[in-house]
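Single-structure report; data block below.
The values are calculated or read from the model by the stated rules, or taken from the named source; none is laboratory data. Keep in mind it's a predicted model, so treat the numbers as computed, not measured. Cβ placement follows ideal geometry from the backbone for every residue including glycine, while neighbour counts extend to all protein chains displayed.
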Amino acid sequence: MRVNCVGAIVVDGSSRLLLVRRGRPPGEGLWSVPGGRVEPQETDRAAVEREILEETGLRVAVGSLAGTVERPGPGGVTYEIRDYHATVTGGALTAGDDAADARWCTSDDLARLPLTDGLVGDLTEWGVLPLR
């Protein structure tokens with residue numbers, strides 16, 4: 001079974017990447033870009049806006065597709081995750097919903113935080129990393 005998901009790649013004016021620490025499986029305790037499942041009848045754009053607001057308290061303008069990845073889930077599920085570039089338009093950073101923490105991260109932070117599998121490779125391939 002395939003589950004449609006979205007994520008947001010948000011880099012601020014100080015070249016920091018927005019990450020959340022997952023509060024639930026899959027990836028509980030690991031850091032990743034914020035995002036989640038696309039609800040029935042929801043567009044990717046609407047799902048990105050909703051998920052980012054729920055997980056980080058931030059409002060975003062959704063830009064272009066950065067890339068797509070597939071990740072295995074429990075019980076034979078495959079998560080198809082479409083990650084979009086996004087820009088903050090409002091709100092205040094605070095962890096919510098299934099995010100245990102949310103923060104702006106530098107390249108040094110990325111080197112020492114426990115990240116979800118494949119995150120650095122995907123972001124490098126898509127031209128997001130290195131942060132500049």
Restricting attention to region 24-34, does a residue exist that is within 14 Å of the chain's Cα centre (by Cα), in a loop (DSSP other than H, G, I, E, B) and hydrophobic (A, V, I, L, M, F, W, C)?
yes
Scan of region 1-13 for residues that are modelled with pLDDT of 95 or more and either surrounded by 16 or more Cβ atoms within 10 Å (Cβ to Cβ) or outside any strand (DSSP E or B) (or both), ordered by number
5, 6, 7, 8, 9, 10, 11, 12
Can you say whether residue 37 is surrounded by 15 or more Cβ atoms within 10 Å (Cβ to Cβ) and not aliphatic (A, V, I, L, M), as far as the supplied structure shows?
no
What are the residues in region 36-67 that are more than 12 Å from the chain's Cα centre (by Cα), free of Cβ contacts under 8 Å to residues at least 40 places away in the same chain and farther than 20 Å from residue 101 by Cβ, if any?
38, 39, 40, 41, 42, 43, 45, 46, 61, 63, 64, 65
Could you check residue 75 against (1) assigned to a strand (DSSP E or B); (2) on the phi > 0 side of the Ramachandran plot and say which number it fails?
(1)
Tabulated pairs, region 113-129, first under 14 Å from residue 17 (Cα atoms), second modelled with pLDDT of 95 or more and of a type in the set (S, T, N, Q), C-beta under 7 angstrom, 6+ apart or interchain:
115/32; 119/32
Go through the residues of region 10-17 one by one and say whether even a single one is in contact with a His (Cβ under 9 Å, 6 or more places away or on another chain) and without any contact (Cβ under 8 Å) to a residue 24 or more places away in the chain.
no
Which residue out of 32, 64 is surrounded by 15 or more Cβ atoms within 10 Å (Cβ to Cβ) and among the small types (Gly, Ala, Ser)?
32
Would you check which residues across region 100-126 are modelled with pLDDT under 95 and either assigned to a loop (DSSP other than H, G, I, E, B) or closer than 20 Å to residue 61 by Cα (or both) and list them?
116, 117, 118
What residue, among those in region 41-58 that are part of a helix (DSSP H, G or I) and out of contact with any Gly (no Cβ under 8 Å at 6 or more places or on another chain), is surrounded by the most Cβ atoms within 10 Å (Cβ to Cβ)?
49
Single unsatisfied condition, residue 95 versus (1) over 27 Å from residue 1 (Cβ atoms); (2) assigned to a strand (DSSP E or B)
(2)
Filter region 90-132 for residues that are in contact with a Lys or Arg (Cβ under 7 Å, 6 or more places away or on another chain) and under 26 Å from residue 72 (Cβ atoms); which is surrounded by the most Cβ atoms within 10 Å (Cβ to Cβ)?
99
